[in-house]
Amino acid sequence: MKVKQQTFKGFECEIHSADDFIQYFLKNAPLMQGHLLILQGDVSSEVKTFLDEKGVAYVDGNKSPLQTRKKRSTAVLEETVACEKLVEKRVKKKTGVSMVFHRTIRSGEAIHIDDNLIFFGRINSGALIETTGSLQSFGIIDGIIRSEGEFLIIKEIGLGSVLFHGEELDKALFNGQIKLVEYKNSAIEIKDI
């Protein structure tokens, strides 16, 4: 017999309504597919049947509690709260300046901000960036980015995923040459810079 310890990426989902969960999953399927789902709350037979049909790996956390890294999650929330406070200060000052990160965004970090963002370092696997503003990334993207802004400037997508206005960008197009991605007339346009 062989035994190997594996580290899985997963999503913890607390379900209050089967319909709400199914809608959320369908909207976020490109990000959630291929990851382990840890389900809490109302895990109905409807939810289980839906996930089985989609071929999704899941665990009913109500019956089989898993050991998770709660301390790491708290650190992520503290950073997110700190970022939100910084945004609130900026809005009060009305400077209009984007948030700039000169460091690597580490695995497990989550940044949810309604502002323009600029990243000069790598975005590691397991990091999540969500913004309603525009985004510029000059490092390798191995994490997940979601943007609803006017444009993206991206240099390289590695193992990660970039969703722009709900559509996942083709990684093969971003291999080290800086590109401008714009959303015009309900379509995505990609240009070399």
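If only residues of segment 147-193 that are in a strand (DSSP E or B), of a type outside the set (S, T, N, Q) and touching a residue at least 40 places away in the same chain (Cβ under 8 Å) are counted, the one that is farthest from Asp114 (Cα to Cα) is Ile178. The condition (being out of contact with any Asp or Glu (no Cβ under 9 Å at 6 or more places or on another chain) and small (Gly, Ala, Ser)) is satisfied by just one residue among Gly139, Gly158, Gly121, Gly166: Gly121. Within segment 163-192, which residues are surrounded by fewer than 12 Cβ atoms within 10 Å (Cβ to Cβ) and among the basic types (Lys, Arg)? Selection gives Lys184, Lys191. Pairs are defined by a Cβ separation below 8 Å, a sequence spacing of at least 6 or placement on different chains, a first member in segment 22-46 that is in contact (Cβ under 8 Å) with a residue 40 or more places away in the chain, and a second member that is surrounded by 15 or more Cβ atoms within 10 Å (Cβ to Cβ) and among the β-branched types (Val, Ile, Thr); the pairs so defined are Leu31/Ile144.
Taking the criterion of being assigned to a strand (DSSP E or B) and more than 14 Å from the chain's Cα centre (by Cα), the residues of segment 97-117 that qualify are Met99, Val100, Phe101, Leu117.
Every residue, every condition in (1) of a type in the set (D, E, K, R); (2) surrounded by fewer than 18 Cβ atoms within 10 Å (Cβ to Cβ), yes or no:
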residue: Ser98; (1), (2): no, yes
residue: Ile105; (1), (2): no, no
residue: Ile111; (1), (2): no, no
residue: Phe120; (1), (2): no, yes
residue: Gly133; (1), (2): no, yes
residue: Gly143; (1), (2): no, no
residue: Glu150; (1), (2): yes, yes
residue: Ile153; (1), (2): no, yes
residue: Ser161; (1), (2): no, yes
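Before we move on, is Lys92 surrounded by fewer than 14 Cβ atoms within 10 Å (Cβ to Cβ), modelled with pLDDT of 80 or more, out of contact with any strand residue (DSSP E or B) (no Cβ under 6 Å at 6 or more places or on another chain) and on the phi < 0 side of the Ramachandran plot? No, not satisfied. For residues that are part of a loop (DSSP other than H, G, I, E, B) and either among the aromatic types (Phe, Trp, Tyr) or in contact with an Asp or Glu (Cβ under 8 Å, 6 or more places away or on another chain) (or both), tally how many sit in segment 16-65. The qualifying residues number 4.
The values are calculated or read from the model by the stated rules, or taken from the named source; none is laboratory data. Bear in mind that the values here come from a model prediction, so they are computed numbers and not experimental data. Counting neighbours? That spans all protein chains shown, and the Cβs are built from the backbone with ideal geometry, glycine included.
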